[in-house]
Amino acid sequence: MSTSPSVPPVLSVRDRRHAEAVREIKEAALRHHAAGELSLRAVARDLGMSAQALYHYFPSRDELITALITDGQAAAAQAVAAGREAGGDRRGRLVGAAVAYRDWAVDQPHVFRLVYGDPIPGYAAPEGGPTVAGALRLGVEF
C-alpha cells in the first residue's frame, strides 16, 4: 500500500473570492484599529461596500474582532515557534522564543495592543471560544 502526500483541496472561484474578501476586510479593520477607530461602517467604506455587505462575511463586529485577535495570537505563536526552533540548547530555545515574541510585538504594535491591551468598548471575547485556544497555543509554544 502506498501513501501519497495529502493534496490540499482545490477551492472554487467563489471560495477564493470569499477568502480574499475576508482577508481585505481584516486588513482594513486592523488599519482602523491602529488609527484608534474600528467601526464596520469605516471598514466597509474603505472597501467600497456597504456596512450591511460586511455581515455576509462576519455576522457581527464582535466576530470580526475575535477573528483579528485569533489571527494575532496565531502570528505570535508562529513567531515564538520559529524563534524557539532557531535556538540550540534549552536556554537558547527559551531565549530565541522570548526574543521572537518581543520582535513580533515591536513589529506589530497595533496587533499586540489588540490581543493584550486596549480594550475595545462593548467587546467581550466569547467565553471558552477561539481566543482561549489561541492563548493556549501561544503558551504551548513557549
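The values are calculated or read from the model by the stated rules, or taken from the named source; none is laboratory data. What you see is a predicted model, and the numbers here were worked out from it, not measured in a lab. Here Cβ is always computed from backbone atoms with ideal geometry, including for glycine, and neighbour counts include all displayed protein chains.
Of everything listed in (1) loosely packed, with under 15 Cβ neighbours inside 10 Å; (2) farther than 19 Å from Pro119 by Cα; (3) of a type outside the set (Lys, Arg), the single unmet condition for Ala35 is (2).
Restricting Phe112, Phe58 to residues that are under 19 Å from Glu27 (Cβ atoms), assigned to a helix (DSSP H, G or I) and modelled with pLDDT of 90 or more narrows the list to Phe112.
Quick one: is Val132 over 24 Å from Ala34 (Cβ atoms) and exposed (fewer than 15 other Cβ atoms within 10 Å of the Cβ)? So Val132 fits the description; yes.
Out of curiosity, is Ala76 within 28 Å of His32 (Cα to Cα), surrounded by fewer than 19 Cβ atoms within 10 Å (Cβ to Cβ) and not aromatic (Phe, Trp, Tyr)? Before the answer, list the steps.
Numbers: within 28 Å of His32 (Cα to Cα): yes; surrounded by fewer than 19 Cβ atoms within 10 Å (Cβ to Cβ): no; not aromatic (Phe, Trp, Tyr): yes.
Spelling it out, it is not the case that Ala76 is within 28 Å of His32 (Cα to Cα), surrounded by fewer than 19 Cβ atoms within 10 Å (Cβ to Cβ) and not aromatic (Phe, Trp, Tyr).
Just wondering, is there one or more residues in the range 49-62 that are loosely packed, with under 15 Cβ neighbours inside 10 Å and acidic (Asp, Glu)? No: the range 49-62 contains no residue that is loosely packed, with under 15 Cβ neighbours inside 10 Å and acidic (Asp, Glu). Out of curiosity, is Val43 in the same structural domain as Gly128 (by TED's automatic domain parsing) and either under 16 Å from Tyr123 (Cα atoms) or surrounded by 15 or more Cβ atoms within 10 Å (Cβ to Cβ) (or both)? So Val43 does not fit the description; no. Can you pull out every residue in the range 84-96 that is buried (at least 16 other Cβ atoms within 10 Å of the Cβ) and either assigned to a loop (DSSP other than H, G, I, E, B) or under 19 Å from the mean Cα position of the chain (by Cα) (or both)? Correct list: Gly87 only. Kindly indicate whether Ala28 is free of Cβ contacts under 8 Å to residues at least 40 places away in the same chain, outside the structural domain of Glu141 (by TED's automatic domain parsing) and hydrophobic (A, V, I, L, M, F, W, C). Judged against the criteria, Ala28 is a match. Scanning the range 97-109 for residues that are assigned to a helix (DSSP H, G or I) and within 14 Å of the chain's Cα centre (by Cα) turns up Trp104, Ala105, Pro109. For Thr66, the conditions (1) outside the structural domain of Arg137 (by TED's automatic domain parsing); (2) within 30 Å of Val99 (Cβ to Cβ); (3) among the hydroxyl-bearing types (Ser, Thr, Tyr) all hold with the exception of (1).
Against the conditions (1) under 15 Å from Ala77 (Cα atoms); (2) modelled with pLDDT under 90, Ala100 satisfies every one except (2).
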